[in-house]
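The values are calculated or read from the model by the stated rules, or taken from the named source; none is laboratory data. Note that the coordinates shown come from a computational prediction; the quantities given were computed from them, not determined experimentally. Backbone-built Cβ (ideal geometry, glycine too); neighbour counts: all protein chains shown. Please note that ligands, DNA and RNA were not included when accessible areas were found on the heavy atoms of the full protein model with its side chains. Shrake-Rupley method; radii C 1.70, N 1.55, O 1.52, S 1.80 Å.
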Amino acid sequence: MTLSVLAEIIMIILLGMGSQWISWRFQMPAIVVMSVVGLLAGPIFDLIQPEGTFGDLYKPLISIAVAIILFEGSLSLNIKEVKGLGRPVIRLITIGALLSWILGSLAAHYVAGLSWAVSFVIGALFIVTGPTVILPLLRQSKLKPRPAKILKWEGIIVDPLGALLAVLAFEVIIVLTNGAADSSRLLDFFVGFLLAGLLGWACGRGVGWMFKKGYIPEFLKSPIVFTIVISCFTLADEIKHESGLLAVTVMGMTLANIGVRSIEDMRHFKENISILLLSTIFVMLTASLTMDTVLDILQPEILAFVVLMLFLVRPISILLSTIRTDLSLSEKALVGWIAPRGIVALTVSSYFASILLEEGYTDATIVTPVTFALVFFTVCAHGFTLEPLAKKLDLSIDDQPGVLLVGSNPFSLSFGQFLQKLKIPFKIVESSSEKLEKVKEADLPYHHGEILSEETEHSIDLTPFDYLIAGTDSDSYNALVCSTYIPEYGRHNVFRLSVEEGETVKDLKPTIGGRVLSDEEYSLTTLSEAIENGFEFKKTPITKEYNDQQYNEDRSEREIRLFVHRKSGELEFFTPDSEVTAEEGDRIISLIPPEEESS
């Protein structure tokens, strides 16, 4: 049965977002799930044929989506983020990329059997890793900040660099083949990419200037930014093919480093759009492959090439390029293994396959199978091994979810001490030096700074913390903190404590701020007074002999339930709008009066 265009679009979106949900539900790498789903829906069961359905619009749609994804990723490239990592990152995107190009080209020629011309073109292309694959993997695996930042920066910057080098290799081949007649092509190449970089910078500065001057109303900011991104990409690509990726990357980096607050406010929206585009585009690309292409990847020379790229080319290029840097051996090992290829490699390789065939290089017919083989195997290999390898190398953050406590007060101080006993990671964030004195005296982990400041994002690692509790002496500030971090942690994991009990608690809805902590809407004042009056934290284990129902029958009216510490390590907090049930192996954490503790 042939689907209508609308039905196929809806099916692609459903398959893409369904893949994301499956990966979240079963803790699997999203890219792997999307690849498998695309293959099943396309070449295997022939349910959708995106390239045939969209026709001439297929490649432009994918190009625009890739531009938006790359721009969104480059918005996170703030120079302040790589303090102390500048040298390794620069080495990776220069020496590392060059070594990877040379070694990959040698492998393509001597192992995959490609001509020198085709080998150097795809060797340049295969240096890319890219945000389309790296960022989803980093989102799912809790790496320590250093290796995570290195992989992110390398992936985003090398993405346009790989396309640039592939174009350069092709232009050099044409010049060498045709002689002086085409020597001006190299000049056109350098001028074209210089103009693309300048265009991206100008667009970034222009958007920043308009935002700062207030020339664009809030409701138009996101649409206008997306319009300028697409226009910047298209104009640069018209000037020189494949230079659009460079332009949008430069534009994103420019905006990330000129301190435009509006861009920060829009980032979460753009992340959502990026996830939607990534999910659908990856399904479209894999579904558009033919069965012959899928079977071609099983050729011995292609499999041998993939093995060399995985186990020799990448590790050697990283090892050599990071000599005399402060990266540890374990960090070098992890970065040397993780290099999944993604959408950019698939889309750009199809373009070069066609133009190389036009120039008479018949072996370019296997460029697409080679690219897909490298994409599929690296995505699977690195998607499934990143997390366990990081744990083995001690480069992952403890599996135990942590708690970020905003505001220093008697409750957060006592709560932090109790979390420390349970070995649950936590940190108290407070901007007042005076209020931090008792935290320092208790030798608890803290951060002195403004949680809403951009500086905090770069000076404190938020990765270990899955939950946030805002408990300062300002209800409006607590709501603002929660609203700011809901996109980061999810609405279910962000909580607030109102200063006083009463109308303020009822008026402030979860859609504005975080969820109300505790089952009876206890205020921060009530909880702090309870601590000062001798209430103590208690953990009640739930066993076969003593279940949740018995606990609820036995607990006193004065007991304040806070959360359930699951046997898996996760925390589930009590709130007025949720029913939390403890199961065997869980522990219920509550505040109980002093007389009950003594009894």
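Okay, here's what the table says:
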read-out: Cα-projected label distance for Phe219 with Glu437, points at 7 Å along beta-carbon direction, nm; value: 5.1
read-out: Cα gyration tensor category, rounded, prolate or oblate, for region 108-259 with a/c compared to 1.5; value: oblate
read-out: FRET efficiency, Val307 to Phe45 (Cβ-Cβ, R0 45 Å, nearest 0.05); value: 0.95
read-out: Net length gained if the chain between Lys80 and Asp56 were fully extended (0.36 nm per residue, minus Cα distance); value: 4.4 nm
read-out: Net length gained if the chain between Asp394 and Val191 were fully extended (0.36 nm per residue, minus Cα distance); value: 68.5 nm
read-out: List Thr463, Thr177, Thr325, ordered by accessible area with a 1.4 Å probe, largest first; value: Thr177, Thr463, Thr325
read-out: Proximal lysines to Lys149, defined as alpha-carbon separation beneath 23 angstrom and excluding residues fewer than eight positions away on the same chain; value: Lys80, Lys83, Lys270, Lys332, Lys391, Lys392, Lys427
read-out: Length added when fully stretched, Leu176-Ile273, from 0.36 nm per residue minus Cα-Cα; value: 30.6 nm
read-out: Helix-only CD estimate at 222 nm, as mean residue ellipticity for the chain, using -39500 (n - 2.57) per DSSP H run (n ≥ 4); value: -19000 deg cm²/dmol
read-out: Cα-Cα pairs of region 556-599 separated by more than 13 Å (percent); value: 57
read-out: Rotationally averaged projected area of region 278-364 (alpha carbon convex hull; nm²); value: 8.0
read-out: Area of Phe170 that stays accessible when all protein chains are in place (1.4 Å probe, Å², to 10); value: 20
read-out: Label-point gap, in nm, between Val580 and His492 - each point 7 angstrom along Cα→Cβ; value: 1.4
read-out: FRET efficiency for Glu450 and Thr362, using Cβ-Cβ distance with R0 set to 51 Å, rounded to 0.05; value: 0.25
read-out: Projected label distance in nm at Met17 and Ser328, using a 7 Å step from Cα toward the beta-carbon; value: 4.1
read-out: In order through region 558-572: 3J(HN,Hα) via Karplus (6.51 cos²θ - 1.76 cosθ + 1.60), integer Hz, x for Gly, Pro; value: 7, 5, 10, 7, 10, 7, 9, 8, 5, 5, 6, x, 6, 10, 10
read-out: Ranked packing of 274-286, 466-478, most packed first, by mean Cβ within 10 Å; value: 274-286, 466-478
read-out: Alpha-carbon radius of gyration plus Dmax, which is the widest Cα pair, for region 1-126 in Å; value: 19.6, 58
read-out: Per-residue HN-Hα couplings for region 120-127 [Karplus 6.51, -1.76, 1.60; θ = phi - 60°; Hz; x = Gly/Pro]; value: 6, 6, 6, x, 5, 5, 7, 6
read-out: Asp292/Ser4 FRET efficiency (R0 41 Å; Cβ-Cβ; nearest 0.05); value: 0.95
read-out: Heavy-atom surface of the chain, accessible at 1.4 Å and reported per residue (Å²); value: 44
read-out: Percent carbon-and-sulfur accessible area, the chain, ignoring ligands, DNA and RNA, probe 1.4 Å; value: 59
read-out: Amide hydrogen neighbours beyond the local backbone of Phe573, cut-off 5 Å, H modeled; value: Val564
read-out: Karplus 3J(HN,Hα) series, Hz, for region 479-492 with 6.51 cos²θ - 1.76 cosθ + 1.60 (x for Gly, Pro); value: 5, 5, 4, 4, 4, 5, 9, 4, x, 6, 9, x, 4, 6
